[in-house]
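Worksheet: the structure to be examined is printed underneath.
The values are calculated or read from the model by the stated rules, or taken from the named source; none is laboratory data. Note that the structure is a prediction, hence the values are computed from the model and not measured. No Cβ is skipped: glycine too gets one built from the backbone with ideal geometry, and neighbour counts run over all protein chains shown.
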Amino acid sequence: MIDNSVFENKKVAFHTFGCKLNFSETSTVARTMVEAGFAKVDISESADVYLFNTCSVTELADKKCKQVIRKAIKKNPNAFIVVTGCFAQLKPEDVSKIEGVDLVLGSNEKFDILKYISDFKKGEEAEIHAGKIGSNKEFKPSYSFGDRTRCFLKVQDGCDYFCSYCTIPFARGRSRNDSVSNTVEQAHKAAANGAKEIILTGVNIGDFGQGKGESFFDLIKELEKIDSIERFRISSIEPNLLTDEIIEFVAASKKFMPHFHIPLQSGSDKVLKLMKRKYDTALFKSKVERIKECIPDAFIGVDVIVGVRGEAEEDFLTTHNFLADLPVSQLHVFTYSERPNTKALTIDDVVPIPIRKERSKILHQLSDKKTREFYKAYIGQERDVLFEGTEHDGLIYGFTDNYIKLEVPCQKQLGNTIRKVKLKHLSLGTTNMVGELI
C-alpha cells in the first residue's frame with residue numbers, strides 16, 4: 001500500500017522530449033502524481049522532483065536528453081531526478097551513470113512511478129527499473145491536457161514493422177492497443193477536461209485493432225459521434241495503412257480535419273527496400289493524389305530521412321525530385337544516425353556526416369518553399385481557427401482546420417476558442433500567416 005502522505009506539498013516538474021506520444025504519456029504520469037498529492041510546477045522553477053521523459057529516435061536526441069538533464073541537475077543538485085522514456089528503456093545503464101540521476105524507469109514502469117519513489121533521498125547509485133528491451137506487452141492509455149490547447153490521445157503503442165533504421169520496436173515493444181470503446185472513453189475524459197481538439201497519436205496508429213477484431217476505421221467512426229469534441233486530427237499514419245475508406249471518411253467528416261501526416265522516409269524505391277518499408281513510391285504518390293482528389297484543401301505533412309546507409313547521391317536527388325513534384329505541404333526532415341541493434345548497421349555504404357547535413361539543409365529549404373506556397377493559396381480566405389492559450393511577444397497563435405499556423409494580436413479570451421479569421425498575408429521572418437478576426 002502506497003502512503004500518499006509522503007507526496008503532499010512536494011513540488012514536481014516535468015520535461016518531455018520527442019513525439020506527441022511522449023507528451024500524452026507525460027501528462028498522464030503528471031496527473032497520477034498530482035492526484036497523489038504532488039504540486040506540479042514549471043520546469044524552470046525549483047522542484048523537489050524532476051521527471052524527464054526522453055526520446056531516442058536519433059543520436060542527437062540522446063545527446064540532447066543528456067544535456068538538458070545535466071543542466072537541471074547543476075541548477076538543482078539536491079533535487080530527486082527521474083529519467084524515463086525511450087532513451088531510458090534502451091540505455092538504462094548509460095542514463096544511470098549521469099551524475100545526479102536517482103531513478104531510471106522503463107517505458108511502461110513510468111506509469112507506476114509512485115511505487116518507485118518514497119523518501120526522495122539521493123543515493124550513490126541510481127535505481128533502475130526497466131523491463132527487457134522489446135518486452136512491453138501491456139497497453140497503458142494516456143492523454144495530454146493542461147500544457148497545450150490541443151489534446152494528444154494515445155490510441156496505440158509499439159510497432160511490429162522493424163524497419164532497418166529504427167529502434168522503436170525495441171524501446172516500446174510490439175504493436176498493441178485498447179478496445180474502441182475504452183479509447184472512446186478516454187476521449188470523453190479529455191473532453192470533460194475542456195479539450196476542443198484531439199490528435200490521435202501512437203507509434204503506428206493505422207495498425208490499431210490487432211487481436212481485438214477491430215480497426216482504425218472502426219475507431220474514427222466512433223470518435224466522430226462524440227458531440228463534445230469539435231475537432232480530431234490523425235497524426236502520422238503509414239501510407240500502406242491509409243485506406244481509401246479513411247480518406248473518404250475524413251473528406252465527409254465535420255469533425256476530422258483536412259490534415260494528414262504520412263511518413264515517406266525516402267523517395268527512392270531502392271532506399272525504401274533497404275529500409276524494409278512496406279510500400280513503394282507509386283503507392284505513396286497514389287495516396288497523396290487520392291487525398292487531394294477528395295480533399296483539395298488538405299494539409300499533407302511528410303516524414304523523410306536523409307543520409308541513411310546505402311543512400312547514394314542519385315537516390316537523394318530522386319527523393320528531392322519526387323517530393324518537389326508532389327502536392328505536399330511540409331516536410332519533417334530527419335538526419336539519419338546509426339542506432340544500436342538495427343539492421344541498417346549491416347549496410348557498408350556509409351554517407352559521411354557533412355553530406356547528411358547538406359542533404360537535410362536542402363530538404364528543409366524545399367519544405368519552407370512548399371509550406372509558403374500552401375499558405376499563400378489561402379490568402380484572403382476566411383477559416384475557423386482554434387487558438388492556443390499562451391501569448392508570445394504580444395501575439396496569440398492558432399491553427400486553421402487545414403493546419404495553417406496563424407497569428408493575431410493577443411486577446412487572452414481567445415485561448416481555447418474557435419473563431420472565424422480572415423487570412424491576410426505571410427508573417428515576416430516566419431512561415432506563419434497573419435490573420436484578422438472577423
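Inside region 67-86, residues that are assigned to a helix (DSSP H, G or I) and over 20 Å from the mean Cα position of the chain (by Cα) make up a count of 8. Inclusion of Thr32 among residues that are out of contact with any Pro (no Cβ under 6 Å at 6 or more places or on another chain), under 30 Å from Asp303 (Cα atoms), of a type in the set (Val, Ile, Thr) and part of a helix (DSSP H, G or I) is not warranted.
The residue that is farthest from Cys166 (Cα to Cα), counting only those in region 242-283 that are part of a loop (DSSP other than H, G, I, E, B) and hydroxyl-bearing (Ser, Thr, Tyr), is Ser253. Against the test of being closer than 24 Å to Asn177 by Cβ and in contact (Cβ under 8 Å) with a residue 60 or more places away in the chain, the options Gly131, Gly85 yield a single qualifying residue, Gly85. Filtering Ile362, Ile355 for residues that are modelled with pLDDT of 95 or more, assigned by TED's automatic domain parsing to the domain that holds His320, under 20 Å from Ile300 (Cα atoms) and part of a helix (DSSP H, G or I) leaves a single hit, Ile362.
Among the residues of region 366-405, the ones that are under 28 Å from Thr318 (Cα atoms) and touching a Gly at 6+ places or on another chain (Cβ under 6 Å) come to 0 in all. Among the criteria (1) crowded, with 20+ Cβ neighbours inside 10 Å; (2) in contact (Cβ under 8 Å) with a residue 60 or more places away in the chain, the one Ser367 does not fulfil is (2). When you look at Ile98, is it in the same structural domain as Ala30 (by TED's automatic domain parsing), in contact (Cβ under 8 Å) with a residue 40 or more places away in the chain, closer than 27 Å to Phe7 by Cβ and out of contact with any Cys (no Cβ under 7 Å at 6 or more places or on another chain), yes or no? When the stated conditions are applied, Ile98 does not pass them. Scanning region 407-438 for residues that are touching a strand residue (DSSP E or B) at 6+ places or on another chain (Cβ under 7 Å) and small (Gly, Ala, Ser), we see that the one that is nearest to Ile198 (Cα to Cα) is Gly415. Within region 327-346, the set of residues being farther than 17 Å from Gln265 by Cα and either aromatic (Phe, Trp, Tyr) or touching a residue at least 24 places away in the same chain (Cβ under 8 Å) (or both) comprises Pro340, Asn341, Leu345. Total residues in region 45-62 satisfying the condition of being more than 14 Å from the chain's Cα centre (by Cα) and in a strand (DSSP E or B): the figure is 4.
In this entry, Ser337 is excluded by the filter for residues that are in a helix (DSSP H, G or I) and either surrounded by 19 or more Cβ atoms within 10 Å (Cβ to Cβ) or at pLDDT below 95 (or both).
Considering region 384-422, the residues that are within 22 Å of Ile291 (Cβ to Cβ) and of a type outside the set (A, V, I, L, M, F, W, C) include one that is surrounded by the most Cβ atoms within 10 Å (Cβ to Cβ), namely Thr400.
Scanning region 302-319 for residues that are crowded, with 19+ Cβ neighbours inside 10 Å and either at pLDDT below 95 or not hydroxyl-bearing (Ser, Thr, Tyr) (or both) returns Val302, Val304, Ile305, Val306, Gly307, Val308, Arg309, Gly310, Glu311, Asp315, Phe316. Of all residues in region 273-307, those satisfying the criterion of being free of Cβ contacts under 8 Å to residues at least 40 places away in the same chain, closer than 27 Å to Ala344 by Cβ and of a type outside the set (Gly, Ala, Ser) are Lys273, Asp280.
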